[in-house]
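Below is one structure, written out as C-alpha cells; the observations come after it.
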Amino acid sequence: MKRFYPHCYWSLTKSLDTHHIGRGRGSIPEVLQSMKMKATIIAIDSDRLIPVAEQELLAKYLPNVELHILHSMYGHDGFLMETEKINDIFQAAFVGVFSNNK
C-alpha cells in the first residue's frame, strides 16, 4: 500500500478502457484523419495494458505520424524502464519539429 493506492489504479484503468476519441465527433478513423499535428507513437511489444495493435490503429489513420515499436521484456513498465530508447525517439522527433519551425 505504500507504493500506490489501489483505487487510483482502478480509476486509471477505467479511464483507459472507456475513453472513446470518436464519442460525439464521428468514427475513430474520421477523427484521427482530421488531426493535423505531427505525432510520435511509441509502443512496447510486450505491453498487454496498451497493446501494439492499438498503437498501430492510431498510426494507420493519423496523417502525419511516426510509429516506433520497442522490444522490451518489461511489459507495460517498459515505458519506465526503456528510458534510453524512448529518449532517443523523442529527441529525434523534437529535432524534426523545431528545425521545421525556422
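The values are calculated or read from the model by the stated rules, or taken from the named source; none is laboratory data. No experiment lies behind these values; they were computed from the predicted model shown. Because the Cβ atoms are built from the backbone with ideal geometry, glycine has one as well, and the counts that use them run over all protein chains shown.
Would you check if Tyr9 is at negative phi, of a type in the set (Phe, Trp, Tyr) and in contact with a Pro (Cβ under 8 Å, 6 or more places away or on another chain)? Quick ask: steps written out before the conclusion?
Working: at negative phi: yes; of a type in the set (Phe, Trp, Tyr): yes; in contact with a Pro (Cβ under 8 Å, 6 or more places away or on another chain): no.
For Tyr9, the condition - at negative phi, of a type in the set (Phe, Trp, Tyr) and in contact with a Pro (Cβ under 8 Å, 6 or more places away or on another chain) - is not met.
If we keep just the residues of segment 33-48 that are of a type in the set (A, V, I, L, M), surrounded by 10 or more Cβ atoms within 10 Å (Cβ to Cβ) and modelled with pLDDT under 95, which is farthest from His76 (Cα to Cα)?
Among those that are of a type in the set (A, V, I, L, M), surrounded by 10 or more Cβ atoms within 10 Å (Cβ to Cβ) and modelled with pLDDT under 95, it is Met35.
I need the helices (runs of 4 or more DSSP H) fully contained in the chain, keeping only those with at least 3 residues that are out of contact with any Leu (no Cβ under 8 Å at 6 or more places or on another chain) and without any contact (Cβ under 8 Å) to a residue 24 or more places away in the chain.
6-18, 52-61, 83-100
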